[in-house]
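Here's the structure we're looking at; comments come further down.
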Amino acid sequence: MKKLPLHIKIVIGLLAGVVWAFLSSALGWNEFTIKWIDPFGTIFIRLLKFIAVPLVLFSIINGVSGLSDVSKLGRLGGKTLVAYMATTLLAVGVGLLFVNVIQPGGYMEEEQRIKNRLAYEIWLQDNEMGPSQDGQSFLSDPAYTKYLSEAQKGQQLSQEEKQALDEKLSSAQKQKEASPLQFVVDMVPENIILSISNNRLMLQVIFFAIFFGITIVLVPKEKSAPVIAFIQGINAIFLKMVDLVMKAAPFFVFALLAGVVAKMADSPGEVFELFLGLGSYSLTLVGGLFFVVFVLYPLILKVFVPKLTYKELFKNISPAQFLAFSTSSSAATLPVTMECVEDNMGVSKTITSFVLPIGATVNMDGTSLHQAVAVIFMAQLHMVDLTIAQQIVIVLTASLASIGAAAIPSAGLIMMIIVLQSVGLNPAWVAIIFPVDRILDMCRTVVNVTGDVTVSTLIAKSEGELGKYN
């Protein structure tokens with residue numbers, strides 16, 4: 001077992017969690033699972049949550065402050081960062097379009113989704129977050145009222161419990177009207193210490209980190225050197241923390257998956273129904289990723305680089321794409337990506353040596369698209385209708401959080417927790433998508449690398465350094 005790669009061990013843990021979920025529901029062990037196994041999953045979530053904020057903070061500061069070439073190359077640096085952010089926003093937009101049109105979370109039976117929603121409302125109360133914005137309308141749903149008279153998690157709700165829950169839901173307040181630009185205002189922190197202490201204010205932390213990193217670049221090196229050294233040291237420590245936590249990930253994901261399923265399904269049929277819903281989610285996500293790689297990126301390149309044909313594009317970059325799929329790592333693929341871009345696409349070494357390393361750090365189109373699709377899918381499973389404003393928050397959080405996600409293993413998991421919290425959803429829901437996450441991670445990495453190639457080609461074209469395709 002020790003010789004197996006970590007991702008194989010995690011897959012084994014996931015399969016064990018699935019098997020245990022069926023056994024637990026069939027043999028009536030759900031109560032044991034919730035009391036004695038699920039707490040380890042909670043510990044896993046807490047470990048990732050307390051690491052997430054400082055990790056993002058110091059990763060972004062470290063990355064931005066290291067871009068000294070931005071001040072030297074000026075125009076090139078500005079083009080690169082804008083292009084990467086633009087492709088990420090486009091990718092997330094594609095994900096939102098697919099998940100809102102297809103509605104993969106709606107393929108589960110309504111009764112099960114109602115049970116999921118009730119569990120979500122209870123989670124909100126347990127965490128002193130108050131009822132959801134549409135809690136009152138949910139309370140009036142006949143199907144909800146019917147479920148309240150049935151068993152919850154294998155136990156009958158008492159009249160007192162029903163009354164207490166009804167009172168909390170009935171106290172839901174209407175959302176106050178706010179400016180359409182309120183989300184922009186909310187990005188700027190009033191008190192950075194307060195922002196760091198609250199995972200739901202991650203946009204403010206990211207704003208501060210980018211601003212802080214840019215300021216470091218503008219300060220004379222002799223004054224900023226001690227700060228940069230400190231940032232690099234702290235960043236390395238938190239990266240090591242992630243590494244240590246992930247060593248125990250196989251057991252943790254088993255406990256987390258087993259516990260989440262035990263709370264959501266009381267019989268093997270319900271467990272099967274839960275996993276059946278993952279099929280529609282996977283197809284939706286793969287469809288979005290496929291569209292970005294084979295339609296969106298080629299279309300962008302065709303507009304700006306007319307001489308580059310569709311066939312030539314994929315012939316030139318396919319080695320990097322296949323390696324990205326097999327390693328699930330943009331960083332590990334970087335040497336091959338640079339070789340493909342330089343030798344096959346004709347991009348100058350000056351461009352590739354600057355643009356591609358930045359891309360491996362800040363450009364996570366596939367990861368950001370995945371987070372948007374997964375978060376809305378999990379909300380649909382729980383009958384939570386996210387508003388346009390909340391979906392804008394998802395877009396911004398997924399896009400900006402991807403800046404700090406690139407250099408760390410299992411970064412998508414940590415960033416997923418951040419995105420869930422940004423719109424007030426339960427971070428433990430990440431366990432729902434664990435069973436299919438490995439293969440989807442391989443697909444996401446292909447999108448990440450293809451996005452890096454696309455941007456580097458566009459930058460080279462704008463600078464007149466694209467060889468035969470100029």
Task: Peptide ranges 452-464, 216-228 listed from the most packed, as the mean C-beta count within 10 angstrom indicates - done: 452-464, 216-228
Open item on the list: Going through the cross-link list K49/K349; K3/K311; K307/K349; K221/K349; K9/K263, which pairs have a Cα-Cα distance over 32 Å in this structure?
Closed with: K49/K349; K3/K311
Task: Ordering of 311-317, 342-348 by burial proxy (mean other Cβ atoms within 10 Å per residue, highest first) - done: 342-348, 311-317
TODO: Let me have the relative contact order for the stretch 306-383, percent, based on Cα pairs under 8 Å that are six or more residues apart.
DONE: 23 percent
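Where a number appears in this text, it was derived from the coordinates with a stated rule and is not lab data. The structure displayed is predicted, hence computed values, not measured ones. Here the Cβ is made from the backbone with ideal geometry for all residues, glycine too, and neighbour counts use every protein chain on show.
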